[in-house]
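Shown next, in C-alpha cells, is the structure this report addresses.
The values are calculated or read from the model by the stated rules, or taken from the named source; none is laboratory data. None of these values were measured; they are calculated from a predicted model. For neighbour counting, all protein chains shown are included, and Cβ atoms are generated from backbone atoms with ideal geometry for every residue, glycine included. Note: accessible area is taken over every heavy atom of the protein model, side chains too, but ligands, DNA and RNA are not part of it. Shrake-Rupley method; radii C 1.70, N 1.55, O 1.52, S 1.80 Å.
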Amino acid sequence: MKRVVQFRRDLHQIPELALDLPKTSAYLKQHLQALPCELIEPISSSVCAYFNFGKEKTIAFRSDMDALPMQEHSNVPYVSLHNNKMHACAHDGHMAMLLEFAYHVASLKSFPYNILLIFQPGEEYPGGARLLCETGLLQTYHVCHIYGMHIWANMKKGEVMVKAGAMMAGGEEMQVEIKGKSSHVAYPSYGIDALQSSVHFLSAVEQLQQKFPQSIVKFNKIESGYSSNIISDYTKLHGTLRTFDENTKNALKQELDNIIKQCEQQDHTSYHIAYDIGYPPVVNDEYLANMCISNLNVKILTEPSYTNEDFSYYQQNIPGVFFFLGSGHSEMLHSDTFNFDEDILEMGVQLYKDILNMYEKNQ
C-alpha cells in the first residue's frame, strides 16, 4: 500500500473533534519528528513543521485536522473506531497529502523560501485558523504566502479547480425573535399574531433574495405557538446569510432591518435580530491565483461555492490560494458514508510539488 494511502486510512480510524485531537496530533508528530524540521504547537492539538532553508521569507501549506460529530455507516475496512465521530469532510485526506508532502520537502537540498506546513484543528468549529493566526505564527516565521486545498465532491477524479478572487462564501447564522400578544382564536382582535407577522417577514425576505441573487438569505427553521386555538405571541426564526464580500453583507443586513421596521409598524409586533458571526469569505489573491493558473495544471472555477472555510482567516493576514481537488465520487461531503478515490491523494501531493517548482521557476 502506498504510504500516503496508509496515512489516510490510519487517520480515518481515529477521528477527533474541534480543538481536542490528541491521537491525531500524536500520529502526525510521530512521523514528522524523524524529518529535519522544527515542530511547533501554536494552539492545542495543532502541529506545524518548519523547514528552514536559511531564507528571509516562508511559504506555508495548510491542512485541517478535525472530524465531524456523526456516526460512520460505511463498510470500508478502515472505518472509524470512535463512536459518533467521522472524517466525513475529507480532512483525513488533507492531512495525508500534507504529511506525504513533508517527506518531499525533507528531501530538498535547497529552496528559495523556507517552508511551513500547518496542520490545523478546529476548522469545523470553532475556527482554528483564526486562533492560530492570533498567536502570531505567520509573522514569527515571516510567512508571505499560504496554500491549501479541499477534496471536493461532484468533480472529476484528480481535477484541480481554482478561482481568482472570491472562491467560497462567508457565512453568518441568524435568529429573528418576534413578540406579539396571545389571545383565544375566537377573539383575534385581542391578540397580536407573531406567527402571521413572520409570514409577512418571510415573504419580504424572499423578494430580498431576488434583489441579491449572488447571495443567500434564507430561514430554514421556525418555532411558534402553544396550541391550535391560541394566537401565537412568540415566533423564532433561524436562518443563514451567505455573501462573497463585506459590502454586500452590510447591504443585506440593512435591508433586513428595513423589513423588520415595516413588519413592526404593520403588525404591531416587536422584532429582535441577532447574528452568530461565522467565517469570512475565501478570497484568493488575484496575483497568486493567476500565477497558479498560468503555471499549474489547474482549471478555472467559473462559479464560487456557497460553503464556508476558515482558511479565509489566513487570507485576511497574508495572500493565499485555496484549491478544490476532485474526489472522483458524487457522494457529498458530510455524508455518513462519504469516501473518495484514494488515487487522488498522490495527485494532491503533486499539486503541492508543482507549486514549489513554480516558485523555483519564477524566483
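Scan the range 300-314 for residues that are open to solvent by 50 Å² or more (accessible area, probe 1.4 Å) and within 21 Å of residue 130 (Cα to Cα) and report the count. First the steps, then the outcome.
At the first step, the residues of the range 300-314 found to be open to solvent by 50 Å² or more (accessible area, probe 1.4 Å) are 300, 302-303, 306-307.
Then keep just the ones that are within 21 Å of residue 130 (Cα to Cα); that gives 306-307.
Of the residues in the range 300-314, 2 are open to solvent by 50 Å² or more (accessible area, probe 1.4 Å) and within 21 Å of residue 130 (Cα to Cα).
Looking at (1) surrounded by fewer than 13 Cβ atoms within 10 Å (Cβ to Cβ); (2) among the polar types (S, T, N, Q); (3) under 30 Å from residue 291 (Cα atoms), can you tell me which one residue 189 breaks?
(3)
Is the range 87-104 home to any residue that is of a type outside the set (Val, Ile, Thr), buried (at least 22 other Cβ atoms within 10 Å of the Cβ) and assigned to a strand (DSSP E or B)?
No; the residues of the range 87-104 include none that is of a type outside the set (Val, Ile, Thr), buried (at least 22 other Cβ atoms within 10 Å of the Cβ) and assigned to a strand (DSSP E or B).
Does the range 12-31 contain any residue that is surrounded by fewer than 16 Cβ atoms within 10 Å (Cβ to Cβ) and assigned to a loop (DSSP other than H, G, I, E, B)?
no
Quick one: which of 290, 317, 297 is open to solvent by 70 Å² or more (accessible area, probe 1.4 Å), touching a residue at least 60 places away in the same chain (Cβ under 8 Å) and assigned to a helix (DSSP H, G or I)? Walk me through how you get there before you give the answer.
Values: 317 fails: assigned to a helix (DSSP H, G or I); 297 fails: assigned to a helix (DSSP H, G or I).
Result: 290 is the single residue among 290, 317, 297 that is open to solvent by 70 Å² or more (accessible area, probe 1.4 Å), touching a residue at least 60 places away in the same chain (Cβ under 8 Å) and assigned to a helix (DSSP H, G or I).
Assigned to a helix (DSSP H, G or I), acidic (Asp, Glu) and free of Cβ contacts under 8 Å to residues at least 60 places away in the same chain: does that describe residue 206? Don't jump to the end; show me each part of the working.
On the way: assigned to a helix (DSSP H, G or I): yes; acidic (Asp, Glu): yes; free of Cβ contacts under 8 Å to residues at least 60 places away in the same chain: yes.
So residue 206 passes the test.
Scanning for something modelled with pLDDT under 95, small (Gly, Ala, Ser) and out of contact with any Lys or Arg (no Cβ under 9 Å at 6 or more places or on another chain), does the range 139-153 turn up at least one residue? Break it down into steps so the answer makes sense when it comes.
Taking the range 139-153 first, the residues modelled with pLDDT under 95 are 153.
After this cut, where a residue has to be small (Gly, Ala, Ser) as well, the list is 153.
Those still in the list that are out of contact with any Lys or Arg (no Cβ under 9 Å at 6 or more places or on another chain) too: 153.
Checking the range 139-153: at least one residue is modelled with pLDDT under 95, small (Gly, Ala, Ser) and out of contact with any Lys or Arg (no Cβ under 9 Å at 6 or more places or on another chain).
Going through the range 243-256 one residue at a time, which ones are open to solvent by less than 60 Å² (accessible area, probe 1.4 Å) and either in contact with a Ser or Thr (Cβ under 7 Å, 6 or more places away or on another chain) or assigned to a helix (DSSP H, G or I) (or both)?
243, 248, 249, 251, 252, 253, 255, 256
Is it true that some residue in the range 217-237 is among the polar types (S, T, N, Q), without any contact (Cβ under 8 Å) to a residue 60 or more places away in the chain and closer than 22 Å to residue 282 by Cβ? I'd like the intermediate steps shown before the answer.
At the first step, the residues of the range 217-237 found to be among the polar types (S, T, N, Q) are 220, 224, 227-229, 232, 235.
Checking the rest, the ones that are also without any contact (Cβ under 8 Å) to a residue 60 or more places away in the chain come to 220, 224, 227-229, 232, 235.
Keeping just the survivors that are closer than 22 Å to residue 282 by Cβ gives none.
No, the range 217-237 has no match at all.
Within the range 109-128, is there a residue that is among the acidic types (Asp, Glu), more than 18 Å from residue 97 (Cα to Cα), open to solvent by 30 Å² or more (accessible area, probe 1.4 Å) and out of contact with any Asp or Glu (no Cβ under 7 Å at 6 or more places or on another chain)?
At the first step, the residues of the range 109-128 found to be among the acidic types (Asp, Glu) are 123-124.
When the remaining residues are screened for being more than 18 Å from residue 97 (Cα to Cα), the result is 124.
With the extra rule that they be open to solvent by 30 Å² or more (accessible area, probe 1.4 Å), the set shrinks to 124.
Okay, now just the ones that are also out of contact with any Asp or Glu (no Cβ under 7 Å at 6 or more places or on another chain), so none.
Looking through the range 109-128, none of the residues is among the acidic types (Asp, Glu), more than 18 Å from residue 97 (Cα to Cα), open to solvent by 30 Å² or more (accessible area, probe 1.4 Å) and out of contact with any Asp or Glu (no Cβ under 7 Å at 6 or more places or on another chain).
Touching a Cys at 6+ places or on another chain (Cβ under 8 Å) and more than 25 Å from residue 325 (Cα to Cα), is that true of residue 57?
The answer is yes for residue 57.
With the condition kept exactly as written, say whether any residue in the range 125-145 is in a strand (DSSP E or B) and under 20 Å from the mean Cα position of the chain (by Cα). Walk me through it before giving the result.
First, the residues of the range 125-145 that are in a strand (DSSP E or B): 143-145.
Of the ones still in play, those that are also under 20 Å from the mean Cα position of the chain (by Cα) are 145.
Yes.
Which residue pairs have Cβ atoms closer than 6 Å, lie 6 or more positions apart in sequence or on different chains, and pair a first residue in the range 56-84 that is farther than 18 Å from residue 334 by Cβ with a second residue that is part of a loop (DSSP other than H, G, I, E, B)?
Listed pairs, sorted by first residue: 57/113; 57/142; 58/113; 58/141; 58/142; 59/113; 78/13; 81/13.
State all residues of the range 32-76 that are open to solvent by less than 30 Å² (accessible area, probe 1.4 Å), of a type in the set (D, E, K, R) and within 23 Å of residue 3 (Cα to Cα); if no residue qualifies, say none.
Within the range 32-76, 62, 64, 66 qualify.
Any chance you could count how many residues in the range 209-230 are outside any loop (DSSP other than H, G, I, E, B), of a type outside the set (A, V, I, L, M) and either surrounded by 14 or more Cβ atoms within 10 Å (Cβ to Cβ) or in contact with a Lys or Arg (Cβ under 9 Å, 6 or more places away or on another chain) (or both)? Explain how you work it out, then say what you get.
The initial filter retains those residues of the range 209-230 that are outside any loop (DSSP other than H, G, I, E, B), namely 209-211, 216-224, 230.
When the remaining residues are screened for being of a type outside the set (A, V, I, L, M), the result is 209-211, 218-221, 223-224.
This time we only want the ones that are either surrounded by 14 or more Cβ atoms within 10 Å (Cβ to Cβ) or in contact with a Lys or Arg (Cβ under 9 Å, 6 or more places away or on another chain) (or both), so: 209, 218-219, 221, 223-224.
Qualifying residue count for the region: 6.
How many residues are more than 16 Å from residue 284 (Cβ to Cβ), open to solvent by 30 Å² or more (accessible area, probe 1.4 Å) and in contact with a strand residue (DSSP E or B) (Cβ under 7 Å, 6 or more places away or on another chain) when one looks only at the range 129-154? Quick ask: steps written out before the conclusion?
As a first pass, look at the range 129-154 and keep what is more than 16 Å from residue 284 (Cβ to Cβ): 130-143, 151, 153-154.
Narrowing the set further to residues that are open to solvent by 30 Å² or more (accessible area, probe 1.4 Å) leaves 130-131, 134-135, 139-142, 154.
Checking which are in contact with a strand residue (DSSP E or B) (Cβ under 7 Å, 6 or more places away or on another chain) leaves us with 141-142.
Counting residues in the range 129-154 that are more than 16 Å from residue 284 (Cβ to Cβ), open to solvent by 30 Å² or more (accessible area, probe 1.4 Å) and in contact with a strand residue (DSSP E or B) (Cβ under 7 Å, 6 or more places away or on another chain) gives 2.
Taking the condition outside any helix (DSSP H, G or I) and touching a Phe, Trp or Tyr at 6+ places or on another chain (Cβ under 6 Å), does residue 322 pass? Give the steps one after another, and end with the answer.
Details: outside any helix (DSSP H, G or I): yes; touching a Phe, Trp or Tyr at 6+ places or on another chain (Cβ under 6 Å): yes.
Yes; evaluated as a whole, the condition is true for this residue.
Restricted to the range 50-66, and to residues that are under 18 Å from residue 19 (Cα atoms) and not basic (Lys, Arg), which residue is nearest to the chain's Cα centre (by Cα)? Reasoning before the result, please.
Of all residues in the range 50-66, those under 18 Å from residue 19 (Cα atoms) come to 62-66.
Those still in the list that are not basic (Lys, Arg) too: 63-66.
Numbers: 63: 11, 64: 9, 65: 12, 66: 11 Å.
Among those that are under 18 Å from residue 19 (Cα atoms) and not basic (Lys, Arg), it is 64.
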